[in-house]
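Values in this text are rule-based calculations from the coordinates and carry no lab data. Please read these numbers as outputs of a predicted model, since none were measured by experiment. Note that each Cβ is placed from the backbone with ideal geometry, even for glycine, and that neighbours are counted across all protein chains shown.
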Amino acid sequence: MKRFLPILAVVLSLACLAASASAASIRPPKLGAWTFDGGGFTVVKGTGRSRGKDLVENFHIKTPAEEGGCPETPVTATVLGKFPLKVFTRGGYSVWGVGRNVGGEAEPMPVKVSAGGTTVTGGFRMVWDFERVTSEVLGMTVSFGECTMYPAFATPKKK
């Protein structure tokens, strides 16, 4: 058993290096304002405890009146808080995203959502496109109460 310990140590070291290299090899999303049909958000550099991380903040979306479970009168729903970007890896592909990591995929995480003058618990996730990470968000999910929205294709705001 003792003769296998050095081999095991080398294998574990290589696995750790490979994991850190995959996170470092993909460029992070552009900083600044991003927009999509009916809303937007901002990617900022973290400060204080979040120093060195990119964060998503000020995520807001106008609820569609025709969407099942959403308020009949459109309201602006705002996801409260700042959320660090994480690397999600599955099937050899790595993407930036926000959410709970379930098997390498971003799943909605619990958040507070302010909509129509009330604050409720909801869910939130987003994933950048692995081929166009600096310029396109592939998918998002925002939910609160019975209202679930799936905005797509956010891009950096044009100046």
Problem - Length gained when the stretch L31-E72 is fully extended (0.36 nm per residue, less Cα-Cα span) - result: 11.3 nm
Handout entry: Lysine pairs within segment 14-159, Cα separation less than 14 Å, 8 or more sequence positions apart or different chains
Key = 11
Exercise for the section: Using Cα centres only, tell me the gap between segment 27-86 and segment 87-145 in whole Å. Expected result: 10 Å
Practice task
State, in angstrom, two size descriptors of segment 81-135 derived from its alpha carbons: Rg to one decimal place and Dmax to the nearest whole number.
Solution key: 13.1, 43
Problem - Local net charge near T35, Cβ-Cβ under 11 Å (Lys/Arg +1, Asp/Glu -1) - result: +1
Exercise for the section: Could you tally the net charge around P108, taking each other residue with its Cβ under 10 Å from the Cβ of P108, Lys/Arg +1 and Asp/Glu -1? Expected result: +1
